[in-house]
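What follows is one structure encoded as structure tokens, with my remarks underneath.
What follows is calculated from the coordinates using simple rules that are stated; it is not laboratory data. Bear in mind the structure is a predicted one, so any value in this text is a computation, not a measurement. Reconstructed Cβ throughout: ideal geometry from the backbone, glycine too, with neighbour counts over all protein chains shown.
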Amino acid sequence: MKRDQQEAERLVNAYSDLILRLSYTYLRSTQDGEDVCQTVLLKLLTGEGEFQCPEHERAWVIRATINACKDELRAFRRKAVPLEEVRDQVAPEPPRSDVLETVMALPGKYREAIYLFYYEGYSVKEIGELTGRSEAAVSAHLSRGRKKLRDMLGGKEYEPN
Amino acid sequence: MNQTEREYREALDGLRFSQGEKERMMKNLIEQQEQKPVKRRSVRPLRAGLIAACLCLALVGTTFAATAAYQLMVRVHADKEIDGQHYVGFQVYGGYTQFPLSAFSQELIAAYEANQDPFHIVQPTFATREEAWDFLGRSIPCIWARGDEETWYQDGDDMGRLSEDYGCRVMLWQNDETMGLDGVEVYYYLESVSGAGAMVDMKVLTKTMEPPEGWDGSLGGMLEYQDHRVEQLESYTMPNGTVAEIVMIYSAQKEPVYSVGECYGNFVYEGIFYQVRAHGSRDMTKEELVDQLHALLDSFQ
């Protein structure tokens, strides 16, 4: 039991914030971040064996989070959450930032590419592998996302290094 | 890093769970774990965990080779710049057929028609290739790598936590704008008894495909960072007479701890494009890896 607690603690400390940011990028809400986190980390915790390396485990967490977010998006269309339930939920407050709000106004596929490229530091090729998209599609999403962002920010540059 | 990028990163840095929320999550995780059975999971090589759906478009090549009989062409890149980063790699062109939608299963067509969300990719995973073929449609003339216990094999019995990655996945390409079906891609992974691994990627294009602007007809390929090295090897004729174009991309490390590189076998059979991406074990030489790839290509039927 102690080992399970230590593992749960490790996973929460290592991945909960990553899952929160990624799910916020997809869902535009932090309300469901904890649910997504719980879903993904429980899958990780109840599996057996070892990953090849931390990068492999991290890539698995990102893919699982993306899948969980897509499930949430589909579920959104079906379920109506009672108001009382919404009031009871305490969620992390999204930071106030013009740039972040502008990114969040972009279509989902552009937000996804921008988050994984600029925040997580993955290459175009790796993003393709993580999301199941072609490299060309990821490249196009990054490029179009940057252009839209530049237009929306009034010409403020947002170019790769 | 420019100001906008910095602001974006700093804003996201500030989005985090409080310590109290983390502690509540840990408690919930422990409670839920006690109620949930533990699954078995097989351990597989790292590179196979990342599935590449690689349809590289609109790139410019530096060298060129062709095999007229199968109309499959390989274009090797010694230096390709995308978004300021330099890559080496290759692309493959030609020889494909565009299949009518009537060739696909009704189940697949229903799945694609039901999805009108460009953000969602329909990509079910099946435990066996037979089930994947049923979903794809038996009119699609596929051939499959048929490993056995002494050469290459697919461990389909231990489908634990990573089953989504290691089953046989069928991914539908839907056009972002029209949601029409552009093509279908099938992946599965095999391991060899000598420690190599390979991802088989099969691409079936549809007659309704609406190519994106600027598409140069590339069916697939792979790009790696500039510190890698690419080499086109001698073509290989498979037992069924199909010629596979072989390309090797060498690891950037002088003494690779994982694999000397990755060896790609590319071929078209009955209008369907196949790419077999093999990697070796730590101590496998390039020649041994190429032999392993040839053995896997021999097993297609």
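How many partner chain Cβ atoms sit within 10 Å of a residue's Cβ in peptide A:146-153, on average, as a whole number?
Per-residue shielding by partner chains comes out at 1.
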> Which residues in region A:1-31 place their backbone N less than 17 Å from a point set 7 Å from the Cα of B:Glu34 along the Cα-to-Cβ direction?
Replying inline: A:1-9
> Based on the Cβ-Cβ distance from A:Arg150 to B:Arg16, what FRET efficiency comes out when R0 is 35 Å, to the nearest 0.05?
Replying inline: 0.80
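Using the Cβ atoms and a cut-off under 9 Å, what net charge is assigned to the surroundings of A:Met104, where Lys and Arg are +1 and Asp and Glu are -1? Please report the intermediate quantities before stating the final value.
Numbers: positive: A:Arg28, A:Arg111; negative: A:Glu101.
Computed value for this residue: +1.
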>> Just to verify a number: FRET efficiency for B:Arg9 and B:Ala114, C-beta to C-beta distance, R0 = 30 Å, to 0.05?
In response: 0.20
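Taking 0.36 nm per intervening residue step and subtracting the Cα-Cα distance, what contour gain separates B:Asn240 from B:Asn2 on full extension?
Taking 0.36 nm per residue and subtracting the Cα distance, the gain is 80.1 nm.
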> Computed FRET efficiency, Cβ-Cβ of B:Arg138 and B:Ala252, R0 60 Å: what is it to the nearest 0.05?
Replying inline: 0.90
>> Can you give the local net charge around B:Val186? Use residues other than it whose beta-carbon is closer than 10 angstrom to its beta-carbon, Lys and Arg +1, Asp and Glu -1.
In response: +1
> Taking a 18 Å limit on the Cα-Cα distance, which of the listed pairs A:Lys109/A:Lys148; A:Lys43/A:Lys109; A:Lys43/A:Lys70; A:Lys43/B:Lys27 fall beyond it?
Replying inline: A:Lys43/A:Lys109
>> For a quick check: with amide H placed at 1.01 Å from N, whose amide H comes under 5 Å from B:Leu72's, ignoring anything fewer than 5 positions away on the same chain?
In response: B:Thr67
